[in-house]
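Report on the following structure.
The values are calculated or read from the model by the stated rules, or taken from the named source; none is laboratory data. All values derive from a computational prediction rather than experimental measurement. Here the Cβ is made from the backbone with ideal geometry for all residues, glycine too, and neighbour counts use every protein chain on show. Protein only, heavy atoms only, side chains kept; ligands, DNA and RNA dropped before computing areas. Shrake-Rupley method; radii C 1.70, N 1.55, O 1.52, S 1.80 Å.
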Amino acid sequence: MNPIERESPWGSIAVADAHVHFFSHRFFSALASQKPGLTVDEVSAQLGMPLPPPDPEKLALAWTHELDRHGIACAALIASVPGDEESVVAAKTAHPGRFFAYAMANPRAWRAEAFAKVNAACLFPAMHAYSVHDDCVRPVLEWAEQNHRVVFVHCGVLSVGVRGKLGLQSLFDMRFSNPIDLHFVALRYPSVPIVVPHFGAGYFREALMLADLCPNVYLDTSSSNGWMRYQESHLDLRHVFRRALDVVGPKRLLFGTDSSTFPQGWRQQIFDDQSTALYELGLNLADARAIFAENLLRITSP
Ligand SMILES: [Zn+2]
């Protein structure tokens, strides 16, 4: 990994962001194609997000500048519509050591050849309405097993803000979003790291149960974790981290921000809030290094 570090409560440490969305030109085109008459320029205007150039390497370059500015060593870039693997692979190839290629996959349209250079297949069962137990998911897990890749599975509450702003209907089905569904899957593919983002996004207890029983399950800490408001008792980041550290331990937590777009860029506030919470809990430097960078590097470079 490159030697870039940033200041933290523990002093200077390497930071690798496990969750950054790569909103490529193709992502905008995919949104535009879902509403008759809508153009990519209108999508850009309505979302208040500049339209990235068609060449994904240019957007990747913008992200390298943004990461440089914040002292971030590397980031997992998530291609956020199915069929956009090439964008994140291009970003990773153009900037070796800077990005990991994560890409959304709809298992019903799985093409292993398109994922040859992808580090992680990202599944959104509620979005595409399938169970992780369906036969269509098996080839994705086998690909990960055979090629030492990661499978990321979005569980819990799923809302895609940009769809709402564009007035696009989101016919998601939350029936398929319980982390418990992953129990048998994770046991069956014990060598495949399975990442559940946002601590289960509302299924915190279930995500902890799953991770407790399956040593190949990882939780990503990304976003502002708005799901905390669903909890019966008061839960803040410190409580969340304390319980996650107690059950899952520091080797299976992956720091992430859920950054996605410009002009917002890298969400420093997420880092500030999470590092402060962890520091106040007494996390030591070695464990901070694990959560903020080493765990992600380990699972993406087996
Ligand atoms: Zn996200």
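Report whether or not Asp84 is in contact with a strand residue (DSSP E or B) (Cβ under 8 Å, 6 or more places away or on another chain) and at pLDDT 95 or above. So Asp84 fits the description; yes.
Would you call Pro139 more than 23 Å from Leu182 (Cβ to Cβ), of a type outside the set (Lys, Arg) and open to solvent by 40 Å² or more (accessible area, probe 1.4 Å)? Against the criterion (more than 23 Å from Leu182 (Cβ to Cβ), of a type outside the set (Lys, Arg) and open to solvent by 40 Å² or more (accessible area, probe 1.4 Å)), Pro139 does not qualify.
Quick one: in region 30-46, of everything that is open to solvent by 70 Å² or more (accessible area, probe 1.4 Å) and part of a helix (DSSP H, G or I), which residue is nearest to Val160 (Cα to Cα)? Only one residue fits best here, namely Gln46. Pairs meeting the criteria (first residue in region 146-169 and among the charged types (D, E, K, R), second residue modelled with pLDDT of 95 or more, beta carbons under 8 Å, at least 6 apart or on different chains) are Arg149/Phe115; Arg149/Val118; Arg149/Asn119; Arg149/Ala120; Arg149/Ala121; Arg149/Trp143; Arg149/Val192.
Hey, can you tell me all the residues within region 184-206 that are touching a residue at least 60 places away in the same chain (Cβ under 8 Å), open to solvent by 10 Å² or more (accessible area, probe 1.4 Å) and closer than 21 Å to Ile270 by Cβ? His198 - this is the single residue of region 184-206 that is touching a residue at least 60 places away in the same chain (Cβ under 8 Å), open to solvent by 10 Å² or more (accessible area, probe 1.4 Å) and closer than 21 Å to Ile270 by Cβ.
Name the residue that is most open to solvent (accessible area, probe 1.4 Å), counting only residues in region 59-106 that are of a type in the set (D, E, K, R) and within 17 Å of Gln264 (Cα to Cα). It would help to see each step written out before you state the result.
Initial filter on region 59-106 (of a type in the set (D, E, K, R)): 66, 68-69, 84-86, 92, 98.
When the remaining residues are screened for being within 17 Å of Gln264 (Cα to Cα), the result is 66, 68-69.
Working: Glu66: 16, Asp68: 80, Arg69: 165 Å².
Among those that are of a type in the set (D, E, K, R) and within 17 Å of Gln264 (Cα to Cα), it is Arg69.
Scanning region 107-121 for residues that are open to solvent by less than 20 Å² (accessible area, probe 1.4 Å) and over 19 Å from Ala76 (Cα atoms) returns a single hit, Pro107. You will find that of Gln264, Gln231, the residue that is within 16 Å of the ligand (Cβ to nearest atom), open to solvent by 10 Å² or more (accessible area, probe 1.4 Å) and more than 22 Å from Val150 (Cβ to Cβ) is Gln264 and no other. Of all residues in region 94-118, those being away from the ligand (no atom under 16 Å from the Cβ) and either among the small types (Gly, Ala, Ser) or over 18 Å from Glu66 (Cα atoms) (or both) number 15. Leu254: at pLDDT 95 or above and either closer than 19 Å to Phe152 by Cα or surrounded by 19 or more Cβ atoms within 10 Å (Cβ to Cβ) (or both), yes or no? Spelling it out, Leu254 is indeed at pLDDT 95 or above and either closer than 19 Å to Phe152 by Cα or surrounded by 19 or more Cβ atoms within 10 Å (Cβ to Cβ) (or both).
Take Val20 and tell me if it is of a type in the set (Val, Ile, Thr), away from the ligand (no atom under 16 Å from the Cβ), within 30 Å of Leu141 (Cβ to Cβ) and in contact with a Gly (Cβ under 8 Å, 6 or more places away or on another chain). Don't jump to the end; show me each part of the working.
Working: of a type in the set (Val, Ile, Thr): yes; away from the ligand (no atom under 16 Å from the Cβ): no; within 30 Å of Leu141 (Cβ to Cβ): yes; in contact with a Gly (Cβ under 8 Å, 6 or more places away or on another chain): yes.
Criteria not met by Val20.
If you go through region 142-168 and keep only what is open to solvent by 50 Å² or more (accessible area, probe 1.4 Å) and among the β-branched types (Val, Ile, Thr), you end up with just Val157. Annotation for region 207-218: no member residue is within 14 Å of the ligand (Cβ to nearest atom), hydroxyl-bearing (Ser, Thr, Tyr), within 21 Å of Phe292 (Cα to Cα) and crowded, with 19+ Cβ neighbours inside 10 Å. Among residues of region 275-302 being over 28 Å from Glu145 (Cβ atoms) and in contact with a Gly (Cβ under 9 Å, 6 or more places away or on another chain), the one that is most open to solvent (accessible area, probe 1.4 Å) is Leu285. Residues in region 64-76 include at least one that is away from the ligand (no atom under 16 Å from the Cβ), in contact with a helix residue (DSSP H, G or I) (Cβ under 7 Å, 6 or more places away or on another chain) and part of a loop (DSSP other than H, G, I, E, B).
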